[in-house]
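The values are calculated or read from the model by the stated rules, or taken from the named source; none is laboratory data. Nothing here was measured: the structure is a model prediction, and the numbers come from that model. Cβ placement follows ideal geometry from the backbone for every residue including glycine, while neighbour counts extend to all protein chains displayed. Accessible surface is based on the protein model in full, side chains and every heavy atom, while ligands, DNA and RNA are left aside. Shrake-Rupley method; radii C 1.70, N 1.55, O 1.52, S 1.80 Å.
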Amino acid sequence: MGYLEGESHEPVAGLTGKLLREAELVCSIKGEYRIFPVAGFFDAEKSIEISGLVFNVRKIVYSQIKKLDSVALFLCTAGPEIGKLSRKSMRDGDLLTGYIYDVIGSEVVEAAADLVQDDLLKEMASAGKKITNRYSPGYCGWDVAEQQKLFRLMVDNFCGIRLNDSSLMDPEKSVSGFIGTGENVKYNPYTCRLCDMKDCIYRKLKEKRIDSHG
């Protein structure tokens with residue numbers, strides 16, 4: 001929400017605590033990943049081929065995954081209810097509550113993705129391999145429409161996520177993407193410097209936290 005630890009005003013902190021407890025009751029958190037071998041790399045197009053589908057991941061993502069051996073496709077969701085609570089609060093005119101619900105939903109699904117990534121890290125470490133950061137369509141120049149291809153490979157879709165005609169996910173508090181795996185890949189602890197989205201709220205928050213620590 002833009003606050004560092006200890007910065008928020010008591011009314012906001014109190015309301016956030018109340019909504020967190022409510023969110024715990026309604027979120028239906030799910031996550032999954034599947035590992036696929038990479039059939040080919042195309043340097044000129046900044047693309048990779050997986051199971052007969054070519055993903056044009058663009059320059060930034062390609063530079064981070066081009067040394068991988070295989071790729072884990074992942075899906076995570078916080079479920080539909082947290083989004084419904086946010087929209088209802090907005091419609092009722094309670095914008096602060098609606099906004100906090102929205103932030104909670106985003107944080108929940110990102111935490112779920114962290115757990116999926118941690119599980120993959122352990123699996124790969126046991127095989128003597130490493131992982132990259134996770135990368136999602138819609139970021140770093142990667143066209144969000146490429147989610148259509150990603151979902152074609154996640155045939156079981158344990159998370160129950162659907163795509164609309166604009167390739168946006170429903171429930172909206174969901175994430176999808178790639179995590180590279182292999183012996184020669186690396187994880188970057190701070191990737192905002194790679195991305196060209198200068199007005200991204202997450203970039204600003206990370207930079208604010210870094211500045212606050214000197």
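When the surface is traced with a 1.4 Å probe over the full set of protein chains, Y99 keeps roughly 80 Å² accessible. Considering only P80, L120, Y101, the residue lying farthest towards the positive end of the dipole of the range 22-151 is L120, judged by Cα position with unit charges set on Cβ.
For the range 55-64, putting each phi into the Karplus relation 6.51 cos²θ - 1.76 cosθ + 1.60 with θ = phi - 60° gives couplings of 9, 8, 7, 6, 4, 5, 5, 4, 5, 8 Hz, in residue order, rounded to whole numbers and with x for Gly and Pro.
Using only the heavy atoms of the protein chains and a 1.4 Å probe, how would M169, M90 rank by accessible area, largest first?
M90, M169
If the cut-off is 14 Å between C-alpha atoms, which aspartates and glutamates fall inside it for K59, apart from same-chain ones fewer than 8 positions away? Straight-line reach from K59, under 14 Å: D43, E45, D143, D196. Dimensions of the range 38-87 along the principal axes, based on C-alpha atoms and rounded to the nearest Å, stand at 45, 20, 17, largest first. Over all pairs of different C-alpha atoms in the range 1-158, the reciprocal of the mean inverse distance, the Kirkwood hydrodynamic radius, equals 17.9 Å.
Residues of the range 57-85 falling in the label zone of E110, defined by backbone nitrogen less than 18 Å from a point 7 Å along Cα to beta-carbon, are 75-79, 82-83.
The D94 and A13 beta-carbon pair, evaluated with R₀ = 25 Å, returns a calculated FRET efficiency of approximately 0.90.
Summarising the overall dimensions of the range 13-69 from its C-alpha atoms, the Rg and Dmax are 19.5, 53 angstrom. Here the gap between N188 and E45, fully extended at 0.36 nm per residue and compared with their Cα-Cα distance, gives a gain of 49.1 nm.
A simple rule links phi to the HN-Hα coupling: the Karplus curve 6.51 cos²θ - 1.76 cosθ + 1.60 with θ = phi - 60°, which for the range 144-157 gives 4, 4, 6, 4, 4, 5, 4, 5, 5, 8, 8, 5, 6, 6 Hz, with x for Gly and Pro. For the range 85-163, the Cα-based Rg and Dmax, in that order, read 16.7, 53 Å.
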